[in-house]
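Structure first, then comments.
Derivation of every value follows stated rules applied to the coordinates shown; laboratory data play no part. On a predicted model such as this, the values are computed, not experimentally measured, just so you know. Counting neighbours? That spans all protein chains shown, and the Cβs are built from the backbone with ideal geometry, glycine included.
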Ligand code: CTP
């Protein structure tokens, strides 16, 4: 039976959490309720225990009886954490990484999807600090069921009313299903630039930071895939559950990718692989007077093109960095490299792409059709791309 954790914080709409428990049970989902201490002052945990059939966790840091409950163990067992209602306080704690009670500590331990349904007074909800916290959590992949406008406990009407229980439950179930959509599949992602060395000090590289690839790796993990991340040099923290392979040069990248290719069901090449390298790479630093004008540059192997030749039933996705005729050029690459999908970036566009948290891309299909996204965070773009890949995988497997 699917187990989810329902975090309950202290909003007047707390009574609606009872309805959420019931609706989840109707859908054969077992619910472990976690209340904040203030929430337990509004409604007795006994009511939630009776409804859920499980002892409610309030704050085992203070309560010796339930101190036995290991948050790390529970975090591994659940398929989803829903917080409904979520106050400005708990949202702020999650966004700030503060872990000073069970619910906020638990949040830092979960790896499954997290869904938050805020409920508060309109001024608090629209406050720039609250909105900044929400944005930050969204960038980390947390999902929200936005509150609605209506009559609020403070006897005002406005934004901030908890979304209807039905809507929260449906969104939660959708997330659980999404989190398993790549179960049993291996996704190989490449990310970042490569470095082609002239000597131990000097190299050719490019402006890629690896962000798009790391976000795609995260998103594939969130959907239940085994992820192999072959990464050029970046300053990013790798997703802890990905199998990370660090590389420097295009040749290294080719070697690692080919080594893992047979296991992969999907390959996403976001890496900005250098197209050129020095014909010779010296083991010691070359003195400038010896450099002269005759440094020879030769092509590197095209990793993706090689994969295209041996792809079989695998799904191959490429990226295209373009400065003109973006979709046309991307489509040529898709055909040339035998891909299922190519994501085209106009690298001259302001405020997106290289070194940015934002991107705007065209998703180009083999039949020449393309869809341009809005300017979105790279987290959101990675969701759009994974949705398209999911459709292609679905079609291929019949
Ligand atoms: N790619 C690769 N090996 C290379 C160069 C590129 O595997 N040596 C992959 C990239 O990871 C990307 C796709 O091919 O998914 C397209 O890369 P891009 O640099 O846009 O195009 P190129 O094929 O290198 O062509 P050009 O630089 O001339 O636009």
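Just to be sure before I move on: is residue 332 over 18 Å from residue 256 (Cβ atoms) and within 11 Å of the ligand (Cβ to nearest atom) in the structure I sent? Answer is yes for this residue.
Taken together, the criteria exclude residue 344 from residues that are in a helix (DSSP H, G or I) and either near the ligand (Cβ under 10 Å from one of its atoms) or in contact (Cβ under 8 Å) with a residue 60 or more places away in the chain (or both).
Within the range 198-218, is there a residue that is within 22 Å of residue 107 (Cβ to Cβ) and touching a strand residue (DSSP E or B) at 6+ places or on another chain (Cβ under 8 Å)? Checked against the condition, which is being within 22 Å of residue 107 (Cβ to Cβ) and touching a strand residue (DSSP E or B) at 6+ places or on another chain (Cβ under 8 Å), the range 198-218 yields at least one hit. Taken over the range 296-312, the criterion of being assigned to a helix (DSSP H, G or I) and near the ligand (Cβ under 9 Å from one of its atoms) is satisfied by 303, 304, 305, 306, 307. Might you let me know whether the range 363-379 holds any residue that is assigned to a loop (DSSP other than H, G, I, E, B) and either over 14 Å from residue 330 (Cβ atoms) or touching a residue at least 40 places away in the same chain (Cβ under 8 Å) (or both)? Checked the range 363-379: at least one residue is assigned to a loop (DSSP other than H, G, I, E, B) and either over 14 Å from residue 330 (Cβ atoms) or touching a residue at least 40 places away in the same chain (Cβ under 8 Å) (or both). Selection of first residues in the range 311-327 that are within 30 Å of residue 397 (Cα to Cα) and of second residues that are away from the ligand (no atom under 11 Å from the Cβ) and in a loop (DSSP other than H, G, I, E, B), restricted to Cβ pairs under 6 Å at least 6 apart or on distinct chains, gives the following pairs, ordered by first then second residue: 315/340; 316/340.
Does any residue of the range 250-271 turn out to be in a helix (DSSP H, G or I), without any contact (Cβ under 8 Å) to a residue 24 or more places away in the chain and either within 16 Å of the ligand (Cβ to nearest atom) or surrounded by 17 or more Cβ atoms within 10 Å (Cβ to Cβ) (or both)? Checking the range 250-271: at least one residue is in a helix (DSSP H, G or I), without any contact (Cβ under 8 Å) to a residue 24 or more places away in the chain and either within 16 Å of the ligand (Cβ to nearest atom) or surrounded by 17 or more Cβ atoms within 10 Å (Cβ to Cβ) (or both). When the range 349-378 is filtered for residues that are crowded, with 19+ Cβ neighbours inside 10 Å and over 17 Å from residue 323 (Cα atoms), only 378 remains. Checked against (1) within 23 Å of residue 266 (Cβ to Cβ); (2) within 13 Å of the ligand (Cβ to nearest atom); (3) crowded, with 19+ Cβ neighbours inside 10 Å, residue 315 passes all but a single condition, namely (2).
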